[in-house]
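Note sheet for the following structure.
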Amino acid sequence: MLSAGPQKWSLSADDQSALIVGRDDTLHVKGTSTLCVEKVALRKPDGGDAVALKWKAAKADLLEVGVPLKDATPQTLLLDIHQYGVEKAGYAGP
């Protein structure tokens, strides 16, 4: 039985420098379990509105997240992973 709780998320090694402005891409994010994931969003570090992303559980511990960068400008973005029953979103990074 699993219960909701914060967990560490990390980008797969192949995806840590894979995002390129001008094309849409897919990130692979590994965690303990994907069962409690509610939503995944992209946001700027300085705040502002987060953009909901399409995602799916590729495996029990792996998310595939679509990142739309076709019309984006180069900038730093954060990937937030929201889980049911956990108030603060987890951050996925290198």
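Among the residues of region 51-76, those identified as open to solvent by 60 Å² or more (accessible area, probe 1.4 Å) and either in contact with a helix residue (DSSP H, G or I) (Cβ under 8 Å, 6 or more places away or on another chain) or of a type outside the set (K, R) (or both) are V51, A52, W55, A60, P68, D71, T73, P74, Q75, T76.
Residues of region 37-51 being without any contact (Cβ under 8 Å) to a residue 40 or more places away in the chain and closer than 16 Å to I81 by Cα, which ones?
First, pick out the residues of region 37-51 that are without any contact (Cβ under 8 Å) to a residue 40 or more places away in the chain: 42-51.
Those that are without any contact (Cβ under 8 Å) to a residue 40 or more places away in the chain and closer than 16 Å to I81 by Cα: L42, R43, K44, P45, G47, D49, A50, V51.
Examine region 26-36 for a residue that is outside any loop (DSSP other than H, G, I, E, B), in contact (Cβ under 8 Å) with a residue 40 or more places away in the chain, of a type outside the set (S, T, N, Q) and closer than 18 Å to S12 by Cα, and state whether such a residue exists.
Of the residues in region 26-36, the ones outside any loop (DSSP other than H, G, I, E, B) are 26-30.
Filter again for in contact (Cβ under 8 Å) with a residue 40 or more places away in the chain, leaving 26-27, 29.
Narrowing the set further to residues that are of a type outside the set (S, T, N, Q) leaves 27, 29.
From what's left, closer than 18 Å to S12 by Cα: 27, 29.
Yes, there is a match, as at least one residue in region 26-36 is outside any loop (DSSP other than H, G, I, E, B), in contact (Cβ under 8 Å) with a residue 40 or more places away in the chain, of a type outside the set (S, T, N, Q) and closer than 18 Å to S12 by Cα.
The set of residues from region 28-50 being closer than 16 Å to A72 by Cα and either small (G, A, S) or surrounded by 15 or more Cβ atoms within 10 Å (Cβ to Cβ) (or both) comprises A41, L42, R43, G48, A50. Within region 22-34, the residues that satisfy the criterion of being under 18 Å from G66 (Cα atoms) and not basic (K, R) are G22, D24, D25, T26, L27, H28, V29, G31, T34. The set of residues from region 47-90 being outside any loop (DSSP other than H, G, I, E, B) and of a type in the set (K, R) comprises K56, K59.
The values are calculated or read from the model by the stated rules, or taken from the named source; none is laboratory data. Everything quoted here is computed from the prediction, not taken from an experiment. Because the Cβ atoms are built from the backbone with ideal geometry, glycine has one as well, and the counts that use them run over all protein chains shown. Protein only, heavy atoms only, side chains kept; ligands, DNA and RNA dropped before computing areas. Shrake-Rupley method; radii C 1.70, N 1.55, O 1.52, S 1.80 Å.
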